[in-house]
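Have a look at the structure below before the remarks.
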Amino acid sequence: MEFHVYESARAACEAAGVLIAAQITRKGDSVLGLATGSTPIPAYEMLVQWWERGVIDFDKIRTFNLDEYVGIDQKNPMSYHAFMQEHLFSKVNLRPENTNLPSGRSVTACTAYDEKIRAAGGIDIQLLGIGRNGHIGFNEPADEFTYGTHIVTLAQDTIEANARFFRSADEVPRQAISMGIGNIMAARCVVLVATGENKAQAVYDTICGPITPHVPASILQLHPCCVILADRDASKLMRK
Ligand code: PGA
């Protein structure tokens, strides 16, 4: 596990953009694992700028997102489909048929997503944020890790954290479809970005704590190529 600390949240997120751009530069038909939330937005802004300047090309890039709410229309502005359209897909030359987000609530939908990732040759680089409770994707703290794409009931802490994107916590969907820990661990490289003081405990537990499904990100200690990029606030417990 590599751990890098940045002066600002923006710098930490942009550094993730650098790693994704490097992957695209080195392999033009890369498979990217993408994330939503506030954290990755500056990374997407950098990728858009580099595409506009002709530095990187998305023509042969394929993408798989980590997760999506269940029971929300893809056109709903709060959906992760809409988020990806707004921040990346509509702004670069990604082919719509090469972008994928999980959807549905059936076991068949889950296994179909796993199969599509596998058929694409697996994920080259997986971008991750982290929840205050240590979740990655919507793999919430639990008694065991879940391997593949699955339907999750969101933790109360996640509902409260995500309420800021909705008019109230009541509007936050209670369920999501998410890649599992096995999907994330199978990515060839994982880049996790953590910013803000409210992520400090999760960062500390991820890197220094025991590997446990109660801190889902802690499994990344076992990943052969995992880079954690954090700002000063998110890494403050690491400096004790
Ligand atoms: P955030 O979400 O980037 O909006 O903080 C991260 C996450 O919950 O994975």
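Details
- Residues of the range 43-59 classified as away from the ligand (no atom under 16 Å from the Cβ) and either at positive phi or of a type outside the set (A, V, I, L, M) (or both), total: 9
- With respect to (1) surrounded by 14 or more Cβ atoms within 10 Å (Cβ to Cβ); (2) without any contact (Cβ under 8 Å) to a residue 24 or more places away in the chain; (3) more than 22 Å from G129 (Cα to Cα); (4) among the small types (G, A, S), the lone exception for S79 is condition (3).
- Qualifying residue in the range 167-174 (condition: closer than 30 Å to I61 by Cβ and either outside any loop (DSSP other than H, G, I, E, B) or not charged (D, E, K, R) (or both)): yes
- For the range 145-166, the set of residues classified as polar (S, T, N, Q), surrounded by fewer than 17 Cβ atoms within 10 Å (Cβ to Cβ) and part of a helix (DSSP H, G or I) consists of Q156 only.
- Residues in the range 1-42 that are away from the ligand (no atom under 16 Å from the Cβ) and of a type in the set (S, T, Y) were compared, and the one that is surrounded by the most Cβ atoms within 10 Å (Cβ to Cβ) is S30.
- Qualifying residue in the range 51-66 (condition: under 21 Å from P173 (Cβ atoms) and more than 15 Å from the chain's Cα centre (by Cα)): no
To keep it simple, each residue is scored yes or no on (1) part of a loop (DSSP other than H, G, I, E, B); (2) over 26 Å from A176 (Cα atoms); (3) out of contact with any Asp or Glu (no Cβ under 6 Å at 6 or more places or on another chain).
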residue	(1), (2), (3)
H4	no, yes, yes
R10	no, yes, yes
G33	no, no, yes
S38	yes, no, yes
P42	no, no, no
V48	no, yes, yes
W51	no, yes, yes
D57	yes, yes, yes
M84	no, no, yes
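- Taking the range 118-130 as the range and being over 23 Å from V193 (Cβ atoms) and not in a loop (DSSP other than H, G, I, E, B) as the test, the residues that pass are R118, A119.
- With respect to the conditions (1) more than 24 Å from Y44 (Cα to Cα); (2) touching a helix residue (DSSP H, G or I) at 6+ places or on another chain (Cβ under 7 Å), R132 lacks only one, and its number is (1).
- Residues in the range 153-173 that are touching a residue at least 40 places away in the same chain (Cβ under 8 Å) and under 30 Å from R118 (Cβ atoms): P173 only.
- Enumeration of residues in the range 118-154 that are polar (S, T, N, Q), over 20 Å from H81 (Cα atoms) and near the ligand (Cβ under 10 Å from one of its atoms): N133
- Residue in the range 131-138 that is of a type in the set (G, A, S), surrounded by 14 or more Cβ atoms within 10 Å (Cβ to Cβ), in a helix (DSSP H, G or I) and under 15 Å from the mean Cα position of the chain (by Cα) present: no
- Of the listed requirements (1) more than 17 Å from the chain's Cα centre (by Cα); (2) modelled with pLDDT of 95 or more; (3) of a type outside the set (F, W, Y); (4) within 15 Å of the ligand (Cβ to nearest atom), E160 misses just one: (2).
- Sole residue being within 15 Å of the ligand (Cβ to nearest atom) and without any contact (Cβ under 8 Å) to a residue 12 or more places away in the chain, chosen from E115, E68, E86, E97: E86
- Looking only at residues in the range 1-44 that are of a type in the set (S, T, Y) and closer than 25 Å to A163 by Cα, the one that is farthest from the chain's Cα centre (by Cα) is S8.
- In the set (1) more than 11 Å from I130 (Cβ to Cβ); (2) within 14 Å of the ligand (Cβ to nearest atom), the condition left unmet by A186 is number (2).
The values are calculated or read from the model by the stated rules, or taken from the named source; none is laboratory data. Predicted, not measured: the structure shown is a model, and the values here were computed from it. Don't worry about glycine lacking a Cβ; one is built from the backbone with ideal geometry, like all the others, and counts go over all protein chains shown.
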